[in-house]
Amino acid sequence: MRQETFLRDKLLPISTVIVLLIAIWYVAAVFLNAPFERDTAARAGTEIGFSDLLRNTMAQERPVLPAPHQVVAEIWDTTVNKAVTSKRSLVYHAWITLSATLLGFGIGAALGILLAIGIVHNRAMDRSLMPWVIASQTIPILAIAPMIIVVLNAIGIAGLLPKALISTYLSFFPVVVGMVKGLRSPETIQLDLMHTYNASPAQTFWKLRWPSSMPYLFTSLKVAVAISLVGAIVGELPTGAVAGLGARLLAGSYYGQTVQIWAALFMAAALAAVLVMIVGAAHGAVLKRMGAKP
Amino acid sequence: MTSNPASVVSARNLGLTFETSDGPVNALTGVNLDVAKGDFVSFIGPSGCGKTTFLRVIADLERPTAGTIAINGMTPEEARRRRAYGYVFQAPALYPWRTIEKNVALPLEIMGYPREEQKARIERTLELVNLSGFGKKYPWQLSGGMQQRASIARALAFDADLLLMDEPFGALDEIVRDHLNEQLLKLWARTDKTICFVTHSIPEAVYLSTKIVVMSPRPGRVTDIIESTLPKERPLGIRETPEFLEIAHRVREGLRAGHSYDE
């Protein structure tokens, strides 16, 4: 019974969309790659038949749009068939990006929470800091990322930390906004209750504001972890493309390796999905421990 | 007139004016009242008469702008710092992430009672409000009446002699309310607390109280103070006796007199 509803409510709609997307992708691949095949045939002075055209558009070395199975084969080849320590392994590059993502996310979440606590408890911080927090996100990350890398390099900080700081720059924002809202979410009556007990600000924080903010925190963390990954990839672009998914993307576009680009894109998407799912699972576990209505 | 130090609550010419964007609002004017130890005092009146505001002044949740008020001979702020009262709000205001026993433990944790003592008090107060065995449940697993009883247990858990109750049963249906009123009287008899109780129900006020304070709005003021002649032992049936109806009549008259004032 439960399995049936799972099949009907979750699996069926999702797989329908996937099948549809793959079909559209194949059609698009044929259309976009066909001009190259026709040109080749014209240069050789021959006509190309439809079945040959179809076969060739899905097996090009550097297609405009690689067919799904080419991308899958590339991912398989670069994850399973290569040692994880090899520079040609996608797992190796994914790990480089992931480590920067997690470090940046950790710093961003901690910074976001601390700023939110300050903003909620201090009027001066509320007035002075909040506009800057919002303004920080209007600066395009692509513009500021190389600056951060260059400046930090100049003072001798290179490697993981500069990339992580770009992740931090993006990820602290949703945490600040979410936590300010969350820490202010207790009702007046709940705060009045604390007042009648003559509770200290620290007691009010730990026994009321902090637990109240948990749903807001985890919702923010889901957004934050996903954009942390974006930040880490963006941070890898100006580093000279040594390692990481961003480097794979950049190298792929230098050499017209579209299959490699798409493989890296899918790896990034899968990584983001897994990270969001982990935060989602933590969210569920915490709410369950807090006795939420199932 | 000065406040009476023997009283639990003693107000003299108490006034409170809220400054709003539409100009000042007189929530309370010239309130003179003494609540003796062990009294059960009801505050009754239409909305806007200042009955809740008066309770909040006692609890130091609002500051008066005129007159004086003393709680056990102290200012409301001193009384609050010494945890002189337990407050029961209109809504249970239980913390949804805490079980019932953890909710009752909340004031005990804040006031630094040792663990063993906390356990004993939780057990005792849950028993007082007939919620033994529900300690491990979360608030959403309980009915509205049970939640409000849990919030009363929370207010009783520490040793405050004064219990302030702001329309605690206002959101409940009449059958549950009758039942809780009966239980509240038993609890009052057992614990020997002083209770200030805000309500807008005449039968509830007459049934529960030793003293009924009738209030009226614009400006919020006391129009009548009625000392109840009913015995301390009160079965629910007492509400059909002539004595009860007579007091209820006087309350109604007081409310009507206050009401005609602004017309």
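The table for this structure:
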{"read-out": "Relative intensity, log₁₀ I(q)/I(0), of the protein assembly as shown from a Debye sum that treats every alpha carbon as a point, q = 0.11, 0.12 Å⁻¹", "value": "-1.02, -1.14"}
{"read-out": "Per-residue Cβ neighbour rank within 10 angstrom, fewest leading, A:86, A:212", "value": "A:86, A:212"}
{"read-out": "Stokes-Einstein D in µm²/s, Kirkwood radius over Cα pairs - segment B:95-159 at 25 °C with 0.890 mPa s viscosity", "value": "217 µm²/s"}
{"read-out": "Helix A:141-154 vs. chain A, principal-axis angle (Cα, 0 to 90°, nearest 10)", "value": "80 degrees"}
{"read-out": "Least to most buried among B:9, B:104, A:274 (fewest other Cβ within 10 Å first)", "value": "A:274, B:9, B:104"}
{"read-out": "Rg ratio (alpha-carbon, reference 2.2 N^0.38 Å) - chain B", "value": "1.01"}
{"read-out": "Listed residue pairs exceeding 20 Å between alpha carbons, taken from A:222/A:288; A:207/B:136; B:37/B:186; A:293/B:119; A:207/B:102", "value": "A:293/B:119"}
{"read-out": "Set of aspartates and glutamates with alpha-carbon distance to residue B:211 below 13 Å, sequence-local pairs under 8 removed", "value": "B:34, B:39, B:224, B:227"}
{"read-out": "Cα-derived Rg to Rh of segment A:2-62, Kirkwood definition", "value": "1.31"}
{"read-out": "For segment B:95-159: relative contact order, % (alpha-carbon pairs under 8 angstrom, 6 or more apart)", "value": "51 percent"}
{"read-out": "Size of charge dipole - chain A - debye, nearest 20, with Cβ of Lys, Arg +1 and Asp, Glu -1, no other charges", "value": "840 debye"}
{"read-out": "C-alpha long axis of helix B:115-128 to longest principal axis of chain B, angle in °", "value": "60 degrees"}
{"read-out": "Average Cα contact separation per residue, chain B, under 8 Å, 6 or more apart, as relative contact order %", "value": "25 percent"}
{"read-out": "Where the Cα pairs of segment A:90-289 fall when distances are cut into 5 Å bins, in %", "value": "1, 8, 14, 17, 16, 14, 11, 8, 5, 3, 2, 1, 0, 0"}
{"read-out": "Per-selection Rg to Rh, segment A:129-232 - Cα, Kirkwood hydrodynamic radius", "value": "1.14"}
{"read-out": "Chain A, relative contact order [Cα under 8 Å, separation at least 6], %", "value": "21 percent"}
{"read-out": "Acute angle (nearest 10 degrees) that the helix A:123-136 long axis makes with the longest principal axis of chain A, alpha-carbon atoms", "value": "0 degrees"}
{"read-out": "Considering only the protein assembly as shown, percent of DSSP beta bridges that pair antiparallel, nearest 5", "value": "55 percent"}
{"read-out": "Mean-position separation - Cα centroids, segment A:174-208 and segment B:89-118, in angstrom", "value": "15 Å"}
{"read-out": "Gap separating the Cα centres of segment B:16-40 and segment A:71-120, nearest whole Å", "value": "62 Å"}
{"read-out": "Gyration tensor verdict on segment B:1-104 (Cα atoms; rounded if a/c is under 1.5, prolate if a/b is larger than b/c, oblate otherwise)", "value": "oblate"}
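Coordinate-derived values only; no laboratory data. The structure displayed is predicted, hence computed values, not measured ones. In this analysis, Cβ positions are derived from the backbone assuming ideal geometry, glycine residues included, and neighbour counts consider all displayed protein chains.
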